[in-house]
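Let me begin by presenting the structure, written as structure tokens, before commenting on it.
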Amino acid sequence: MKEELIDVLDENGIKTGETLPRSEIHKKGLWHRIIVVAIINDKNEILIQQRSNNKDKNPGMWDISVTGHLSAGQDSLSAATREISEEVSVSLGYTVEVKDFRFMFSFRKEEYVNENHYDRQFYDFFILRQKGLTSENITFQESEVQAIKFVSVSEFNQMREKSIFVDRKEVYDELSNYLFRI
């Protein structure tokens, strides 16, 4: 399988015109963009996923509903819909559309993982509210995810306190504030 190509960004989040394989982006510590999506059902519960133990970064940890890199030439909303279809499939007879997403905010973050993986990422955070979602009508990509579940805001925050989540403090804070306002 050919490795995904990703647009290289400058320190302001602007495309440089260069595209490189994902592994090279991480090895060189180049800026790039990812999406983060919180899927929320009509009970105001958040879909969370437990990352596969085979993942090279944060194996076995709990994470927000969907995350992923933007492929070269792709915008954030297209990446969000693609990642949802790749990682989580909903058996409700409809597809997620770009208009269903609510953009929350963007931020940038740097994180040293190891000598071959240095993240310098711009995050675009979206919320997707969908009716009728339960754990039973969702299937997930087992190579990426080993478990899913819906949790209340209070359970979500209790899990955060136990440090069993991937470090996405900015996203989790905004998500908690958003759900408490509703």
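The values are calculated or read from the model by the stated rules, or taken from the named source; none is laboratory data. This structure is a prediction, so every number in the text was calculated from the model and none was measured. Heads up, the Cβs are rebuilt from the backbone with ideal geometry, glycines too, and the neighbour counts pull from every protein chain shown.
Taking the stretch 131-175 as the range and being under 17 Å from the mean Cα position of the chain (by Cα), at pLDDT below 90 and within 20 Å of Ile35 (Cβ to Cβ) as the test, the residues that pass are Ile138, Phe140, Gln141, Ser143, Glu144, Val145. State whether the residues of the stretch 158-169 include one that is over 23 Å from Ser23 (Cβ atoms), among the aliphatic types (A, V, I, L, M), touching a Leu at 6+ places or on another chain (Cβ under 9 Å) and surrounded by 15 or more Cβ atoms within 10 Å (Cβ to Cβ). Among the residues of the stretch 158-169, not one is over 23 Å from Ser23 (Cβ atoms), among the aliphatic types (A, V, I, L, M), touching a Leu at 6+ places or on another chain (Cβ under 9 Å) and surrounded by 15 or more Cβ atoms within 10 Å (Cβ to Cβ), which makes the answer no. Output yes when any residue across the stretch 38-55 is farther than 25 Å from Ser152 by Cα and among the hydrophobic types (A, V, I, L, M, F, W, C), and no when none is. So far as the stretch 38-55 goes, no, none of its residues is farther than 25 Å from Ser152 by Cα and among the hydrophobic types (A, V, I, L, M, F, W, C). Among the residues of the stretch 23-41, the one identified as surrounded by fewer than 15 Cβ atoms within 10 Å (Cβ to Cβ) and within 24 Å of Gln146 (Cα to Cα) is Ser23.
Once the stretch 120-149 is narrowed to residues that are of a type in the set (S, T, N, Q) and either in contact with a helix residue (DSSP H, G or I) (Cβ under 9 Å, 6 or more places away or on another chain) or not in a strand (DSSP E or B) (or both), the residue that is surrounded by the most Cβ atoms within 10 Å (Cβ to Cβ) is Gln130.
Taking the stretch 150-180 as the range and being in a loop (DSSP other than H, G, I, E, B) and of a type outside the set (Lys, Arg) as the test, the residues that pass are Ser152, Ser163, Ile164, Val166, Asp167.
Figure legend. Inter-residue proximity from the stretch 155-182: first residues touching a residue at least 60 places away in the same chain (Cβ under 8 Å), second residues in a helix (DSSP H, G or I) and of a type in the set (A, V, I, L, M, F, W, C), beta-carbon distance below 7 Å, spacing 6+ or different chains. Indicated pairs: Phe165/Met159; Leu179/Val153.
Answer yes or no: is there a residue in the stretch 88-108 that is touching a residue at least 40 places away in the same chain (Cβ under 8 Å) and closer than 16 Å to Trp62 by Cα. Looking for residues that are touching a residue at least 40 places away in the same chain (Cβ under 8 Å) and closer than 16 Å to Trp62 by Cα, one finds at least one in the stretch 88-108, hence yes. Here the condition is being closer than 28 Å to Asp75 by Cα, out of contact with any His (no Cβ under 8 Å at 6 or more places or on another chain) and hydrophobic (A, V, I, L, M, F, W, C); of Val113, Val151, Val166, it holds for Val166 alone.
How about the stretch 41-119: which strands (runs of 3 or more DSSP E) wholly inside it have at least 2 residues that are within 24 Å of Leu9 (Cα to Cα)?
Fully inside the stretch 41-119 and qualifying: 66-69, 101-114.
Figure legend. Inter-residue proximity from the stretch 63-87: first residues over 22 Å from Leu20 (Cβ atoms), second residues in a loop (DSSP other than H, G, I, E, B), beta-carbon distance below 6 Å, spacing 6+ or different chains. Indicated pairs: Asp63/Val166; Thr81/Val96; Ile84/Val96; Glu87/Gln141; Glu87/Glu144. If you filter the stretch 1-20 down to residues that are assigned to a strand (DSSP E or B) and under 11 Å from Ser71 (Cβ atoms), you find that the one that is nearest to the chain's Cα centre (by Cα) is Ile6. Of the residues that make up the stretch 81-98, is at least one modelled with pLDDT of 95 or more and of a type outside the set (A, V, I, L, M)? Taking every residue of the stretch 81-98 in turn, none turns out to be modelled with pLDDT of 95 or more and of a type outside the set (A, V, I, L, M). Against the list (1) surrounded by 19 or more Cβ atoms within 10 Å (Cβ to Cβ); (2) closer than 24 Å to Tyr178 by Cβ, the condition Glu97 fails is (1).
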